[in-house]
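The values are calculated or read from the model by the stated rules, or taken from the named source; none is laboratory data. Predicted model, so just to flag it, every value in this text is computed and none were measured. Every residue, glycine among them, receives a Cβ derived from its backbone with ideal geometry; neighbour counts consider all protein chains shown. Just so you know, the surface numbers come from the protein's heavy atoms only, side chains and all, with ligands and any DNA or RNA stripped out. Shrake-Rupley method; radii C 1.70, N 1.55, O 1.52, S 1.80 Å.
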Amino acid sequence: METFNKFVSMLNGPIWGVGMLVLILGSGIYFTIRLGGFQFVRFKDMWSRILDKGNSEAGVSTFASFCTTMAMRVGTGNVAGVAVAIYAGGPGALFWIIVAGIFNSAVCFTECTLSTLYKTKIDGQYRSGGSYCAERGLGWKRYGIIFATIFGIGCACFMPAAATYTICDGFYNAMHIPMWVTALIVAIVMAIVVLGGIKRISTVASYLVPFMTIVYLLAAILIVIVNIKDVPAVMMNVLSSAFGKDAIFGGTIGIAIQQGIKRGTFSSASGMGEAMSTAAAAETSHPVKQGLANAAGVWLDTVIICTASGLMILMTDCFNTAGGYVGKGCTEMAQLAANNVQGGVIYVQYAFRTVVGSIAPLFIAVMLALFSFTCLISYYYESETACLYLFQGQEKAKIRKIFTKIMQIGMPILIFIWGNVQSDLAWNLSDLTLGSCTWINMVVVLALSPKVFVLYKDYVKQMKEGKDPYYDPDKICWDGVDAQLWREINKSRIEEDKIKACK
């Protein structure tokens, strides 16, 4: 197992090197410029789109889709991921996580708008994603097959590793519950949820995501209030460390940026294509609406919640760094350093304990269990969508059902296994999947991005005219877009405008 772990770690080196920083941050800056800084200009509109109504047999509401997407985003990366970033890159990594979140929202907007534009119906439900866009938008069928294969296997087999391990680790730290016991419980609950399909998955997400997000943020606010006098010093530490000027933490600007972008990307999954499947599942009248809702999700996930986790850790001084800094927020930090514990949920548990006492580890374990479990159900849906792409067509309906059942049973079994592996292997596997899929997906997103710029102009134009924007394929369309599907979705609006034009 150690040899395998070293091999995976070796692969992660070039995948998450300078090229990844340029790809994600560069694309985010490019999209932000081409879209006129939409995440600032249309900030209010971006958040209001989350509550758009609409539901059907084929799709779910924008809010349900948003919650399902946030189920994937608000998870392991927001808690344990931030702690790992601070350990490896120092407090300055938090600054670069926030920067990554701001520009990643433009990447997410672009990929989710594309996925919604190119969605189609399979077995009566909306389906789309990076592989669908590759085939329909670019005519790259073989590329789509390769992407769907890697993405489907990655989301089902490897991405759950870090999330599952973190749940089990949290309860072990809090109550010394054996890892295998927690893993078994998570696997059983997972099977119950995914057997219900997208409707049950979105329903569970709609209940869990708002609750867990609000409670976790309230906990962070409590810590900030208790340590309010330390806010200026912490902010200065973050800024100075972000540019490699605070030698006490032993971090360099390169490591701080790398960890910030890496963990910010892991948290939001922008560019990987994870959000594309659930974005397309929404019943929406214009692709840009769904893109805006998902962009708001990146702000909530990476800019707000990751910052909350980072402040918990830094304001209580419950963290160590790879450069040799040992926090003095609690006596256990020295022992963690001696044991070479490289970040993780335990930092947040100790941080919260400084304020609320012994109940803190259990509280964080429960919060993290909710965060990470919603990640797992989202991974399942994304993998299922990739699988259905590989077996499209009425003649393959039986094959799709067989593979779906295999996944509904097989993924919970894998989840049980991942709950009992080493921490670094779990993170390395998840990083390998995320990084590989990001490289493959961003080729498609960049190639198709001009279409998003056209759709965004159409959306803004309709907003200025006082309309509720909708997409009319008879006015703007490209090869590969299911024009008939969009005509059905916006049938009443299209007919209404035709009547007005004739008067």
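Here are the numbers for the structure shown:
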| quantity | calculated |
| --- | --- |
| Estimated inter-spin distance, GLU2 and ILE188, nm [label 7 Å along Cα→Cβ] | 3.6 nm |
| Order of exposure, largest accessible area first, which applies to ARG487, ARG400 with probe 1.4 Å | ARG487, ARG400 |
| Computed FRET value (nearest 0.05) for MET463 with GLN484, which takes r as the C-beta separation and R₀ as 25 Å | 0.45 |
| Shape category assigned to the chain from the gyration tensor of Cα positions, a/c cut at 1.5 | prolate |
| Accessible surface of PHE158 - all protein chains present, 1.4 Å probe, nearest 10 Å² | 70 Å² |
| Accessible surface of segment 106-219, 1.4 Å probe, proportion on carbon and sulfur as whole % | 71 percent |
| Quotient of Cα Rg and 2.2 N^0.38 Å for segment 159-224, N being how many residues it contains | 1.32 |
| Area accessible to solvent at LYS500, 1.4 Å probe radius, in Å² | 130 Å² |
| Accessible area of THR354 in the full protein assembly, 1.4 Å probe (Å², nearest 10) | 70 Å² |
| Extension gain from SER9 to ALA233, taking 0.36 nm per residue of separation minus the Cα-Cα distance | 77.1 nm |
| Carbon + sulfur, % of accessible area of segment 326-466 - ligands and nucleic acids excluded, 1.4 Å | 64 percent |
| The chain, helix-only ellipticity at 222 nm - DSSP H runs n ≥ 4, -39,500 (n - 2.57), divided by all residues, nearest 500 | -23500 deg cm²/dmol |
| Selected from ALA322, CYS375, CYS387, residue furthest toward positive end of dipole (segment 313-418; charges at beta carbon) | CYS387 |
| Low-density loop positions, GluC sites (Glu not before Pro), segment 394-502 - DSSP coil, at most 15 other Cβ in 10 Å | GLU465 |
| Around ALA106: net Lys/Arg minus Asp/Glu count, Cβ-Cβ under 14 Å | +1 |
| Dipole of the chain, positive direction: furthest Cα of MET312, PHE4, TYR470, with charges on the beta-carbon | TYR470 |
| The chain, accessible area per residue, ligands and nucleic acids excluded (1.4 Å, Å²) | 38 Å² |
| Sequence of TYR132, TYR165, TYR207 from largest to smallest accessible area, 1.4 Å probe | TYR207, TYR165, TYR132 |
| Linear extension gain, TRP439 paired with ARG142, 0.36 nm per residue minus alpha-carbon span | 105.3 nm |
| Förster radius 25 Å - calculated FRET efficiency between VAL366 and ILE406, Cβ distance, rounded to 0.05 | 0.20 |
| Between 0 and 90°, nearest 10: helix 345-356 axis offset from the chain longest Cα axis | 70 degrees |
| Potential extension, LYS500-LYS475 segment - 0.36 nm per residue separation minus Cα distance | 7.4 nm |
| Nitroxide proxy distance, nm - points 7 Å out along Cα→Cβ at TRP180 and ILE29 | 5.1 nm |
| Exposure rank, largest accessible area first [ILE188, ILE33; 1.4 Å] | ILE33, ILE188 |
